[in-house]
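Written out below as structure tokens is the structure these notes cover.
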Amino acid sequence: MFLVLGLSIFSGAFICIGLSLYMACTKRELMLEQLKNCSIVRTHAPLKDGGPWGKLMLLGWIAGVFAFPEYYLKRGQASHDDLNNFPVHLRNKLVMLKWASFVLFTAMVVLFIFRKSGLLK
């Protein structure tokens, strides 16, 4: 049981990483152009030249802006117009990737706790 759940979680994580890398390489310039008035994105824009990890981190920041827009809007780090003018299909993919990553990480932690407690063998 532990093996099946663990492999499922890691498979999901690798799929999320693969999709994120694909989006970071193919849609990066479009996302940066659409969010040119967001200070949080401008601050992290140099990560685009940081190799695969830098691209993943930049995509994570951009996805965070769409997953939790109130946080960034309240602090003046995001532009309301930029968020509204961003392509909806791309926004939905970014939010889905962010939440899938949260869910997979939480599932991994819960699986680890269950394994260490002896509930799963």
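Here, each number is a calculation from the coordinates, and none is a lab measurement. Keep in mind that what you see is a predicted model, and the values were worked out from it rather than measured. Cβ atoms come from the backbone with ideal geometry, glycine included; neighbour counts cover every protein chain shown.
Count charges around VAL65 for me, please; just the other residues with Cβ under 12 Å from its Cβ, Lys/Arg as +1, Asp/Glu as -1. Please list the in-between numbers first.
Values: positive: ARG42, ARG75, ARG91, LYS98; negative: GLU70, ASP82.
Cβ neighbours under 12 Å give a net charge of +2.
Working out 0.36 nm times the residue gap between TYR22 and PHE112, then minus their Cα-Cα distance, what length gain in nm do you get to one decimal?
Details: separation 90, 0.36 × 90 = 32.40 nm, distance 2.93 nm.
Residue separation times 0.36 nm, minus the Cα-Cα distance, leaves 29.5 nm.
Rg to Rh for region 12-70: what is it, with Cα atoms only and Rh by Kirkwood?
Details: Rg = 11.0 Å, Rh = 11.5 Å.
Looking at region 12-70, the ratio lands at 0.95.
Summing Lys, Arg as +1 and Asp, Glu as -1, what charge do residues with Cβ under 11 Å from the Cβ of ASN85 carry, ASN85 excluded?
On the way: positive: LYS36, ARG91; negative: GLU33, ASP81, ASP82.
After counting each charged neighbour, the total is -1.
Using θ = phi - 60° and the Karplus form 6.51 cos²θ - 1.76 cosθ + 1.60, what ³J(HN,Hα) does each residue of region 90-100 get, whole Hz, x for Gly and Pro?
In residue order, the calculated couplings are 6, 4, 5, 5, 5, 5, 4, 5, 5, 5, 4 Hz.
Would you calculate, for the chain, the mean residue ellipticity at 222 nm contributed by helices, counting each DSSP H stretch of 4 or more residues as -39,500 (n - 2.57) and dividing by all residues, to the nearest 500?
Values: 7 runs with 97 residues, N = 121.
Rounded to the nearest 500, it is -26000 deg cm²/dmol.
Specify the inter-centroid distance of region 70-101 and region 1-44, based on alpha-carbon positions, in whole Å.
So the two Cα centres are separated by 14 Å.
Assuming a viscosity of 1.306 mPa s and a temperature of 10 °C, what translational diffusion coefficient in µm² per second does Stokes-Einstein assign to region 14-121, Rh being the Kirkwood radius over Cα pairs?
On the way: Rh = 14.9 Å.
This corresponds to a translational diffusion coefficient of 107 µm²/s.
Given MET1, LEU35, VAL88, which one lies farthest toward the positive end of the charge dipole of the chain, if we put +1 on the Cβ of every Lys and Arg and -1 on the Cβ of every Asp and Glu?
Result: MET1, furthest along the dipole toward the positive end.
Rounded to whole Hz and in sequence order, give me ³J(HN,Hα) for region 49-57 from the Karplus expression 6.51 cos²θ - 1.76 cosθ + 1.60, θ = phi - 60°, writing x for Gly and Pro.
Coupling constants for region 49-57: 9, x, x, x, 5, x, 5, 5, 5 Hz.
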